[in-house]
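Right, one structure below, let's go through it.
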Amino acid sequence: MTPRSAAFFDLDKTIIARSSTLAFSRPFYAGGLINRRTVLRSAYAQFVYLLGGADHDQMERMRQYLSAMCTGWDVETIRAIVADTLHHIVEPMIYDEAVSLIEQHHAAGRDVVIVSTSGAEVVEPIGAMLGADKVIATRMVVADGKYTGEISEYAYGPRKASAITELAAAEGYDLQASYGYSDSITDEPLLAAVGHPFAVNPDKALRKLATERDWPVLDFSKPVELADRTRFHEVRKPAVAASLLGAAVAVAGVLLYAARRRARPAGS
């Protein structure tokens, strides 16, 4: 019996082209959760993140900053804002190459698991939109419907590796037959835990490590809206079918013509 396997995907800069958490700064501002200064600070953090990724110290500062910022926020308000703006904010920055990989893994019978340091309130709706089977994400402590600022589960660095190991034990996944995708050196433990690791749009340190360990490097560069992608494939299928039918008719015509030529009497 072939063991079950899974494909584990980091989210930011692996499936989507930006930081999923920072991408919602403007909707949070519109919802009255943060001020303009915080929006600008988030935009700057996004810019720095896109330029070179984030090392351990930067991720730790970001964790402390986001934890302090969301203290006292109403959980249902966050979920409502994310639900209302998800397609507008996230869809335009999803990599077409990542969606194709997700489809290929599902076609091969593998579960797809998103493993992200971003909050579950953001990651879970994105996972549902992409058809992921499971999500591992950071979870905040909630009391009386509001965030306390404490973190109950921080899905970062080595914790990602232990989380997928625990999930593999529960679901019966063979990690050596499984796949992992990430852009960041901080996800080295996750990539090292699977038999088929891939560096996607890697930061400088991960690219160097991938070269040393002979890990494949994938460069994704085609953000595409899911709706447009779906329409493209729906249009492309009948077009491809028509092309194949036309080619078949043409080939049949050539063969028929050749047969008639062979059947003609000499000199006719």
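The values are calculated or read from the model by the stated rules, or taken from the named source; none is laboratory data. Owing to the predicted nature of the structure, the values given are computational and were not obtained by experimental measurement. Don't worry about glycine lacking a Cβ; one is built from the backbone with ideal geometry, like all the others, and counts go over all protein chains shown. Side chains are part of the model used for accessible areas, which takes the heavy atoms of the whole protein and leaves out ligands, DNA and RNA. Shrake-Rupley method; radii C 1.70, N 1.55, O 1.52, S 1.80 Å.
Details
- Using the average count of surrounding beta-carbon atoms within 10 Å as a protection proxy, the listed peptides 104-117, 148-161 rank, highest first, as 104-117, 148-161.
- Within the shell defined by Cβ-Cβ distances under 11 Å, the residues around G172 carry a net charge of -2, with Lys and Arg each +1 and Asp and Glu each -1.
- When T85, T77, T138, T2 are compared by accessible area at a 1.4 angstrom probe, the order from most to least is T2, T77, T85, T138.
- Cross-link partners of K13 among lysines (Cα-Cα below 20 Å; sequence separation of 8 or more within a chain): K134, K160, K204, K208, K222
- Taken about its Cα centre, region 151-226 carries a charge dipole of roughly 240 debye when the Cβ of each Lys and Arg holds +1 and the Cβ of each Asp and Glu holds -1.
- Nearest-20 debye value, region 83-211 charge dipole, Cβ charges on Lys, Arg, Asp, Glu: 420 debye
- Near L33, no amide H atom lies under 5 Å from its own; only residues 5 or more places off or on other chains count, and H is placed 1.01 Å from N.
- On region 53-179, 51 percent of the accessible area sits on carbon and sulfur atoms, based on a 1.4 Å probe.
- Just so you know, the Rg over Rh for region 114-154 is 1.03, from Cα atoms, with Rh as the Kirkwood radius.
- Sorting K204, K146, K134, K13 by accessible area puts them as K204, K146, K134, K13; the probe is 1.4 Å, largest comes first, and only protein heavy atoms count.
- Net +/- balance of residues flanking P189 in space, Cβ distance below 10 Å, scoring K and R +1, D and E -1: 0
- Average silhouette area of region 52-202, convex hull of alpha-carbon atoms, in square nanometres: 9.3 nm²
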